[in-house]
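The values are calculated or read from the model by the stated rules, or taken from the named source; none is laboratory data. These numbers come from a predicted model, not from an experiment. FYI the Cβ positions are ideal-geometry reconstructions off the backbone, even for glycines, and counts take in every protein chain you see.
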Amino acid sequence: MHTQMVALNADVVGYTRLIADDLEATTATMDEYRDLVGRRVSESNGTLMNFVGDNFMAVFGSAMDAMRTAIAVTTEIETMNASRLSARRSRFRMGMDQGAIAVSGGEYFGDALNIAARIQALARPGGISLSGRVYQALDEPALRFRPTGRQRLKGIPEEVEVYEFADLPGDGSASPTHRPLALESPTVAILPIHAEMADESVRATAEVLRTDLIHRLASVPQLKVFEIKTEADRGGAPASARYMIESGVHQVGDNVRVYAELFDVTTMNIVKAHKWTAKVGDLFGLSDAFADEVARAIEVELIVGEPAGLYADLDDPKAIEQVYLGWYQLTIGTREGWARSLELFGEVARSHPDIPYGHGLLAFAYWTGGQSGWGPPEEMLLKAHDHAEAALAVDDPTGMAQMIKAAILMSQRRGAEALETLETVEIVRPTCDATFGLEGSVRRYLGQWEKAVDRADTAMRLTGVNKPWYPTIKACSLFIGGRVEQAATVAEMVLEHQPYNLEALLVLAAAQVELGLGRRARATAELIRERYPTVDVGDWLDASPYQDREPVDRWRDDLISAGAIASE
């Protein structure tokens with residue numbers, strides 16, 4: 001007989017090392033954990049199937065009982081760790097799934113057991129990860145989770161939606177699961193510069209090179225820089241530092257070779273490598289070039305992405321910097337940042353009138369201002385149109401200017417003309433993320449939700465750090481297409497980084513209703529009322545230019561159920 005149950009699987013992180021370091025102490029610790037787990041599982045009416053070595057599996061009749069046990073065990077272990085040496089601290093990774101489980105001869109069988117074990121391997125040390133099925137069963141707004149996206153698990157044919165519990169006191173290590181939206185600002189740790197094989201004056205100059213590099217990187221928008229001052233401090237780099245820069249100076253007589261490597265900590269792959277050769281007497285003068293080249297490479301690889309190749313056409317360092325800073329200011333999401341982006345893009349358009357990028361970026365900024373209410377909508381759209389035409393007049397190869405014209409038509413509810421414009425767009429250089437973001441936005445309003453998702457994904461692939469606008473388009477498109485679980489996941493990811501994103505909040509509340517998460521939906525509706533007290537959500541929906549009103553009516557009904565729109 002099969003029964004719907006929740007499986008909890010847990011495994012101690014670094015158990016092999018702990019055993020090798022001190023077998024007796026580790027065995028004693030596991031005995032403590034076995035008593036703790038047995039007691040907590042019993043208190044929550046669960047069944048401890050086994051506890052072998054460093055791993056245990058338990059089953060529960062409800063998701064809340066399983067979650068209560070996982071939180072209690074993890075919290076109590078963290079209390080134990082406080083009195084242990086750091087090298088002797090141990091933590092579980094925990095994973096949960098819900099499904100049909102059969103019991104025969106005291107043995108338990110079911111896919112949920114295997115999935116819980118696979119999800120456990122994705123959890124961070126001291127963390128709890130769970131499947132979408134368990135998440136949906138935990139309709140409790142007080143429990144906060146971070147979506148980590150759909151994961152492909154070994155031996156499991158279907159991808160599984162995975163969430164991690166957000167409020168545990170563990171060591172803060174990042175989850176190894178991939179966050180596909182890339183909304184985080186990258187963090188780079190700068191290691192000490194290697195100059196052991198150089199004389200004293202060269203070593204002193206090497207420190208100047210490193211200091212200049214740190215100062216230059218600190219000026220890069222959306223980049224977090226962490227300095228590791230000595231090799232002994234290397235283990236103290238923040239868990240969020242996915243990237244590190246290792247550099248060095250080698251001296252051979254009067255010649256020096258300088259190198260710098262950017263590598264990904266999670267894979268230990270070198271992302272970018274540079275080297276320079278100079279005379280000892282010229283080493284100090286190399287400092288600015290060293291800092292600029294490394295910083296520019298990081299901007300391209302980690303932040304700007306493919307569009308960096310376009311802006312190199314400007315062949316003007318000042319104009320390129322204005323483009324990057326303008327993008328940064330625009331993506332802050334404030335009226336002040338938008339106004340500053342207009343100034344910066346305007347300077348590029350004036351200094352390089354025969355190159356389309358300044359005009360195209362200005363057109364995009366004016367369109368954004370009109371959509372965000374930062375300027376009179378009609379005036380903003382007119383200026384966006386004029387600058388789009390200016391970009392087309394000098395052969396915009398990116399397609400962005402034409403996409404802006406389509407977006408303007410769409411905002412004017414001229415759907416047929418917008419579609420015709422889309423179909424005639426010529427993209428010579430398909431490397432501009434905004435082009436595909438605009439196309440995705442227009443296609444969702446036209447009801448072409450699958451194409452909209454594809455274009456949003458393309459936009460996100462082209463840039464190192466995504467604008468929350470792209471995944472917002474994706475979340476809306478998925479919801480319109482009836483993919484409510486995926487829509488909720490993407491919306492939650494957006495809100496983690498942009499909590500006042502109205503569209504993401506509206507998608508999340510409606511998706512939670514359709515997923516049967518009534519309490520969570522009502523809590524999200526309350527957030528909408530708190531954050532947007534003057535917005536009439538019904539009017540907002542009416543003003544949206546969706547050509548097919550059926551999914552909009554469904555959206556409205558869901559928001560009425562959640563309490564975000566007053567029932568008539």
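For the structure I just gave you, tell me whether Ser247 is under 31 Å from the mean Cα position of the chain (by Cα), of a type in the set (Ser, Thr, Tyr), part of a helix (DSSP H, G or I) and modelled with pLDDT of 90 or more.
It is false that Ser247 is under 31 Å from the mean Cα position of the chain (by Cα), of a type in the set (Ser, Thr, Tyr), part of a helix (DSSP H, G or I) and modelled with pLDDT of 90 or more.
Out of all the residues in region 425-432, is one or more assigned to a helix (DSSP H, G or I), among the hydrophobic types (A, V, I, L, M, F, W, C) and not assigned by TED's automatic domain parsing to the domain that holds Pro221?
No, region 425-432 has no match at all.
Filter region 356-379 down to the residues that are crowded, with 22+ Cβ neighbours inside 10 Å and more than 29 Å from the chain's Cα centre (by Cα) and list them by number.
Pro356, His359
For region 90-113, give me the residue count where each residue is within 29 Å of the chain's Cα centre (by Cα) and more than 18 Å from Gly46 (Cα to Cα).
Total meeting the criteria: 4.
Across region 110-165, what is the total count of residues that are touching a Pro at 6+ places or on another chain (Cβ under 7 Å) and surrounded by 19 or more Cβ atoms within 10 Å (Cβ to Cβ)?
Summing the residues that are touching a Pro at 6+ places or on another chain (Cβ under 7 Å) and surrounded by 19 or more Cβ atoms within 10 Å (Cβ to Cβ) in region 110-165 gives 2.
Just to be sure before I move on: is Ile77 in a loop (DSSP other than H, G, I, E, B), more than 24 Å from the chain's Cα centre (by Cα) and in contact (Cβ under 8 Å) with a residue 24 or more places away in the chain in the structure I sent?
Spelling it out, it is not the case that Ile77 is in a loop (DSSP other than H, G, I, E, B), more than 24 Å from the chain's Cα centre (by Cα) and in contact (Cβ under 8 Å) with a residue 24 or more places away in the chain.
Looking at region 482-498, can you tell me whether even one residue there is without any contact (Cβ under 8 Å) to a residue 40 or more places away in the chain, more than 18 Å from the chain's Cα centre (by Cα) and surrounded by 15 or more Cβ atoms within 10 Å (Cβ to Cβ)?
Checked against the condition, which is being without any contact (Cβ under 8 Å) to a residue 40 or more places away in the chain, more than 18 Å from the chain's Cα centre (by Cα) and surrounded by 15 or more Cβ atoms within 10 Å (Cβ to Cβ), region 482-498 yields at least one hit.
Go over the candidates Arg34, Arg68, Arg40 one by one and state the one that is farther than 21 Å from Phe109 by Cα and either assigned to a strand (DSSP E or B) or touching a strand residue (DSSP E or B) at 6+ places or on another chain (Cβ under 6 Å) (or both).
Result of the check over Arg34, Arg68, Arg40: Arg34.
If the Cβ limit is 7 Å and pairs must be 6+ apart or interchain, which residue in region 348-370 that is in contact (Cβ under 8 Å) with a residue 40 or more places away in the chain pairs with which residue that is hydroxyl-bearing (Ser, Thr, Tyr) and not in a helix (DSSP H, G or I)?
What qualifies is Gly360/Thr398.
Looking at region 499-510, can you tell me whether even one residue there is in a loop (DSSP other than H, G, I, E, B), in contact with a Ser or Thr (Cβ under 8 Å, 6 or more places away or on another chain) and under 20 Å from Thr334 (Cα atoms)?
Within region 499-510 (the criterion being in a loop (DSSP other than H, G, I, E, B), in contact with a Ser or Thr (Cβ under 8 Å, 6 or more places away or on another chain) and under 20 Å from Thr334 (Cα atoms)), the answer is yes, since at least one residue qualifies.
Just to be sure I understand, how many residues within region 537-568 are in contact with a helix residue (DSSP H, G or I) (Cβ under 6 Å, 6 or more places away or on another chain), surrounded by 13 or more Cβ atoms within 10 Å (Cβ to Cβ) and not in a helix (DSSP H, G or I)?
Result for region 537-568: 6.
So Gly437 clears everything in (1) part of a helix (DSSP H, G or I); (2) surrounded by fewer than 18 Cβ atoms within 10 Å (Cβ to Cβ) except one condition, right? Which one?
(2)
Which of (1) β-branched (Val, Ile, Thr); (2) within 21 Å of Asn501 (Cα to Cα); (3) at pLDDT 95 or above is the odd one out, the single condition Val348 does not satisfy?
So the condition that Val348 fails would be (2).
Does region 49-59 include one or more residues that are in the same structural domain as Ser86 (by TED's automatic domain parsing), of a type in the set (Val, Ile, Thr), more than 21 Å from Gly110 (Cβ to Cβ) and surrounded by fewer than 15 Cβ atoms within 10 Å (Cβ to Cβ)?
no
If you scan region 60-93, which residues turn out to be under 25 Å from Glu140 (Cα atoms), among the polar types (S, T, N, Q) and surrounded by fewer than 17 Cβ atoms within 10 Å (Cβ to Cβ)?
Matches in region 60-93: Thr75 only.
Among the residues of region 90-120 satisfying the criterion of being small (Gly, Ala, Ser) and assigned to a loop (DSSP other than H, G, I, E, B), which is nearest to His2 (Cα to Cα)?
Taking the candidates together, the pick is Gly110.
Consider Thr534 against the criteria (1) without any contact (Cβ under 8 Å) to a residue 24 or more places away in the chain; (2) in a helix (DSSP H, G or I); (3) among the β-branched types (Val, Ile, Thr): it satisfies all of them except one. Which criterion is unmet?
Status for Thr534: all satisfied but (2).
Of Ala123, Ala87, which residue is part of a helix (DSSP H, G or I) and within 34 Å of the chain's Cα centre (by Cα)?
Ala87
Take region 390-447 and flag every residue that is charged (D, E, K, R) and farther than 25 Å from Ala312 by Cβ.
Lys405, Arg413, Arg414, Glu417, Glu420, Glu423, Arg443, Arg444
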